[in-house]
1. Among GLY305, GLY328, GLY265, GLY272, which is the only one that is surrounded by fewer than 18 Cβ atoms within 10 Å (Cβ to Cβ), of a type outside the set (A, V, I, L, M, F, W, C) and modelled with pLDDT of 95 or more?
2. In the stretch 272-307, how many residues are in contact with a Gly (Cβ under 8 Å, 6 or more places away or on another chain) and of a type in the set (Val, Ile, Thr)?
3. For the stretch 316-350, which residues satisfy the criterion of being more than 27 Å from GLY233 (Cα to Cα) and basic (Lys, Arg)?
4. Quick test of your reading of the structure: PRO238 fulfils all but one of (1) closer than 21 Å to HIS322 by Cα; (2) modelled with pLDDT of 95 or more; (3) surrounded by fewer than 14 Cβ atoms within 10 Å (Cβ to Cβ); (4) in contact with a strand residue (DSSP E or B) (Cβ under 6 Å, 6 or more places away or on another chain). Name the failing condition by number.
5. Take PHE39 and tell me if it is within 30 Å of ARG236 (Cβ to Cβ), in a loop (DSSP other than H, G, I, E, B) and in contact with a helix residue (DSSP H, G or I) (Cβ under 6 Å, 6 or more places away or on another chain).
6. Can you tell me which residue within the stretch 199-230, out of those that are among the basic types (Lys, Arg) and over 23 Å from ARG53 (Cβ atoms), is surrounded by the most Cβ atoms within 10 Å (Cβ to Cβ)?
7. Taking the stated definitions as given, is ARG210 more than 21 Å from GLU61 (Cα to Cα) and over 20 Å from the mean Cα position of the chain (by Cα)?
8. Across the stretch 134-186, what is the total count of residues that are under 30 Å from LYS332 (Cβ atoms) and small (Gly, Ala, Ser)?
Amino acid sequence: MVRGSKQLSEAASDYVCVRVTDMSRIDLNEIEFDFDLTFAALVMHPDGTVYHRYGGRGPDEPNGYLSLESLCRLLRDSIPEHRAHEARAHRRKKRKVLHAIDLPVLRRKRARGQQIDCVHCHTINDARHVQAQLDGSWRRDDVFAYPDPERIGLSLDHERQHIVRKVKKGSPAAKAGIKAGDELLAVGEQQSVRTLSDVQWALHRAPFARNRLAVRIRSEGRERSLVLRLKSGWKRCPPERFAWRPTKWNLTPSPGFGGPTLQSGAAPAGNGQPQAFRMRVDYIVDWGENAHRGRAARAAGLKIGDIVVGFAGKRDFESFDHLHAWVGLTLKAGQAVTIDVLRGGKPLTLRYRLPK
């Protein structure tokens, strides 16, 4: 027996469990979560009511909030909520169905004869992004979805994810009176908080503009209602905190190339000193819908095998993901930039303008 499978089976014994590996027939008007994640679980009623979401992550820890213990605890603790919901008179709300495969962008591709064998979670984000651009409704700030609680100054416990582990001094959470050890009971629209994803859902649903977000906590055994005062643009984060999200590949402008980050000391500079950032160019995107981006970099002189040590004067990237996110979030199409590379151990500066 797989280790932990008995524990999970027992915790899930009151549930009908469904594993989804293809989003094609999922109703996006009923099921919504952070589609940038590699794993997500929803605890929900057949009427569409979502009790809790599970599977969130922080910028630095892909699996930091995933554990058998926390998932089993969520399943057990959600049963009373389900029973209370069942006890209330309710009817399933009628709503328009939107299957993922029928998103306008994917529908047009199918009409042109393109076969779509599977719809991945990131495919939904990609299709929505393209459609918003076509509609003229897309804003760069739209990428700051499902904000990490750090945006409001909170760090949560990895196992008991409604427990506050740290509060950043001077943050909205600190100013509201939240302290380490407090329990989050409700945040914004999420009236029962048990997971990091619950908090991120509440923050996602809150306005991007200046607003007051209601929070209910239990502190030292006493329940309290507080208000977080959030400034306009509070959902934004630095590119290095955004870099893990696959959404970054949709950003414009884009460097038009990519490759692995090299280990420290793997590519010394001409003076023998190691660079702070080095990545080897393994591919130049001169194919597909965005071929013009890679062609512009190639026309500037970039070659496969070049070691990139800087872009647009910046040399302290943490990874290529960071570089890509930084370009998309801080630079503009048409902007003149430089690429600092090492070729055969010798430094070289290439110049070009970032295409759309």
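1. GLY305
2. The total comes to 3.
3. Scanning the stretch 316-350 gives ARG343, LYS346.
4. (4)
5. No; evaluated as a whole, the condition is false for this residue.
6. It comes out as ARG224.
7. Taking the combined requirement at face value, the residue satisfies it.
8. 3
The values are calculated or read from the model by the stated rules, or taken from the named source; none is laboratory data. Nothing here was measured: the structure is a model prediction, and the numbers come from that model. Positions of Cβ are generated from backbone atoms using ideal geometry, with glycine treated the same way; all protein chains shown enter the neighbour counts.
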